[in-house]
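Have a look at the structure below, then the notes.
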Amino acid sequence: MEKIFTIEEASRWAAELRRSGRTLAVTNGVFDLLHRGHVQYLMEAAAQADALLVAINSDAAVKALKGPERPIVCEQDRAFMLASLECVSAVVIFDSTRATPVFQAIAPDVYVKGGDYTEETLDREEHSVLKAAGARFSFIPFIAGRSTTSVIKQIRGGGASRPQADRRIDPILSRRSVRRFQLRPVGREQLAELLKAGMAAPSACAKDPWRFLVVTKPELLKAIADKLPNGRFLAEAPACICIAGDLNKAHGGELSYMLQDCSAAAENILVAAGLLGLGGCWLGVHPRQERVKALQELFGLPEHILPVCCLAIGWPGESPQPRTRYRDDVVKFL
Ligand SMILES: Cc1cc2nc3c(=O)[nH]c(=O)nc-3n(C[C@H](O)[C@H](O)[C@H](O)COP(=O)(O)O)c2cc1C
């Protein structure tokens, strides 16, 4: 409870924080029915500064914003849930649809908002107060398929007929190619997780013929992008994982096995990226010989190690919506 402040208390607390040389990130929202998407978002928001303050709309303001049936959870409980999170340093309830009074009282060092916003689409009044306070803006994408609205729909029956199994494969169903990225680099830890996911893929006779060339140097990213006619955007991505296969290591020394193994690793990496809040896009290399040769040259690979694909990886700068490409006509139950 001691993390829940009035605006005046929060203002004094923020001033104290600054006096001790620490920085403050602020985000605002409703945070009704707290779910994993909220928590992951708040963890990333907290990483932007030394402390994170979450400003939530009062119940009356939520009704004005979202209609009479919301919020589901009252302001005190929403504040309590948020304050219980380790990544949240302070919570403020504000009684208006705009968070301007909070920003005026607190002057955040960093203002964090969901990736469905940009500096241009932020509320103009809020934007100008934040700008005047000298705040840096940071937009963090929400995880696809995780939202309070979808939880409510599920409970009310709108999606209730979806079987449980369907929900558990959501991270796979919601994977989309991401081709625009934030400038923020991808950390070593995240890249290591992706590589673990890649090497957890099935491989014929467990030969694991794959090699992973992890590129984060901007000049090398640009050089690779120059060789991939449909992957120019890789030049603007913070990371690339090029997956190459060693023909000598593949089951039976066969090209097809090597390609299947590397492709399985690529898909594992893309799904893992989505689970970590990252985005990615597969860029075809094999069987285009000019691309294979060009990348072999760039990476100094011998003849028997063939680049199969490159994966552009980064924090998403766009949020392609989940869609289904399911078709009954390509399925036959026997
Ligand atoms: C073998 C392969 C090669 C691909 N090559 C490229 C490419 O060179 N450039 C690109 O932008 N996307 C490429 N993609 C991504 C596809 O365009 C994308 O997966 C497809 O349109 C489906 O969209 P989704 O990934 O958003 O579901 C490739 C995908 C595969 C599997």
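The values are calculated or read from the model by the stated rules, or taken from the named source; none is laboratory data. Computed from a predicted structure; not experimentally measured. Here the Cβ positions follow ideal geometry from the backbone for every residue, glycine too, while neighbour counts run over all protein chains shown. Just the protein is used for accessible areas: all its heavy atoms, side chains included, with ligands, DNA and RNA removed. Shrake-Rupley method; radii C 1.70, N 1.55, O 1.52, S 1.80 Å.
How large is the accessible surface of residue 74 in square angstrom, using a 1.4 angstrom probe and rounding to the nearest 10?
60 Å²
Measuring from the lowest to the highest alpha carbon on each principal axis, how far does the stretch 73-143 reach, largest first, in angstroms?
32, 29, 20
Can you find, among 299, 7, 330, the residue farthest towards the positive end of the dipole of the chain? Put +1 on the C-beta of Lys and Arg, -1 on that of Asp and Glu.
Checked the options; the winner is 330.
If you add up the charges near residue 73, with Lys and Arg at +1 and Asp and Glu at -1, over every other residue whose beta carbon is less than 15 angstrom from its beta carbon, what do you get?
Value of the local net charge: -1.
Please give the Cα centre distance for the stretch 250-274 versus the stretch 41-99, rounded to the nearest Å.
The two parts, judged by their Cα centres, are 43 Å apart.
What does the charge dipole of the stretch 4-162 about its Cα centre add up to, to the nearest 20 debye, if the Cβ of each Lys and Arg holds +1 and the Cβ of each Asp and Glu holds -1?
Value, rounded to 20: 380 debye.
Scaled to the compact-protein estimate 2.2 N^0.38 Å, what is the alpha-carbon radius of gyration of the stretch 183-334, rounded to two decimal places?
Dividing the Cα radius of gyration by 2.2 N^0.38 Å gives 1.07.
Calculate I(q)/I(0) for the stretch 253-334 by the Debye formula, one identical point scatterer on each C-alpha and no solvent, and give its log10 at q = 0.16 Å⁻¹ to two decimals.
Results for the stretch 253-334 at q = 0.16 Å⁻¹ read -0.82.
Kindly provide the helix-only [θ] at 222 nm of the chain, computed as the sum of -39,500 (n - 2.57) over DSSP H runs of four or more divided by all residues, to the nearest 500 deg cm²/dmol?
Roughly -11000 deg cm²/dmol at 222 nm, from the helical runs in the chain.
Modelled label-to-label distance, residue 2 and residue 50, 7 Å Cα→beta-carbon offset: nm?
Going by the 7 Å Cα→Cβ label model, 1.9 nm.
On the Cα set of the stretch 28-106, report Rg and Dmax in Å, please.
Reported Rg and Dmax, both Å: 12.1, 37.
How far apart, in nm, are the 7 Å Cα→Cβ label points at residue 15 and residue 200?
In this crude label model, residue 15 to residue 200 measures out at 5.0 nm.
Go through 238, 278, 203 and say which Cα lies farthest out towards the positive end of the charge dipole of the chain; charges sit on Cβ, +1 for Lys and Arg, -1 for Asp and Glu.
Of 238, 278, 203, it is 203.
Show the residues, 5+ positions off or on another chain, whose built amide H is closer than 5 Å to the amide H of residue 4.
Residues meeting the amide H criterion: 91.
When only alpha-carbon atoms count, how far does the stretch 4-162 stretch along each of its three principal axes, as whole angstroms with the largest first?
54, 31, 26
Calculate the dipole size of the chain relative to its Cα centre from +1 charges on Lys and Arg beta carbons and -1 charges on Asp and Glu beta carbons; express the result in debye to the nearest 20.
So the magnitude is around 640 debye.
Enumerate the amide H contacts of residue 114 below 5 Å, restricted to partners 5 or more residues apart or on another chain; note that Pro and chain-start residues carry no placed amide H.
Residues meeting the criterion, in which the H sits 1.01 Å from N, are 140.
Subtract the Cα-Cα distance of residue 290 and residue 167 from 0.36 nm times their separation in residues, and report this length gain in nm to one decimal.
Computed gain between residue 290 and residue 167 is 40.1 nm.
In square angstrom, rounded to the nearest 10, how much accessible surface does residue 72 have for a 1.4 Å probe?
Accessible area of residue 72: about 80 Å².
What per residue convex hull volume, in Å³, comes out for the chain when only alpha-carbon positions are used?
Considering the Cα atoms of the chain, their hull volume per residue is 172 Å³.
In terms of solvent-accessible area of protein heavy atoms at a 1.4 angstrom probe, what is the ranking of 127, 304, highest value first?
Largest accessible area first, the residues go 304, 127.
In the stretch 56-144, which chymotrypsin sites (Phe, Trp or Tyr not before Pro) are in a loop and have at most 16 other Cβ atoms within 10 Å, using DSSP for the loop call?
Hits after loop and neighbour filter: 117.
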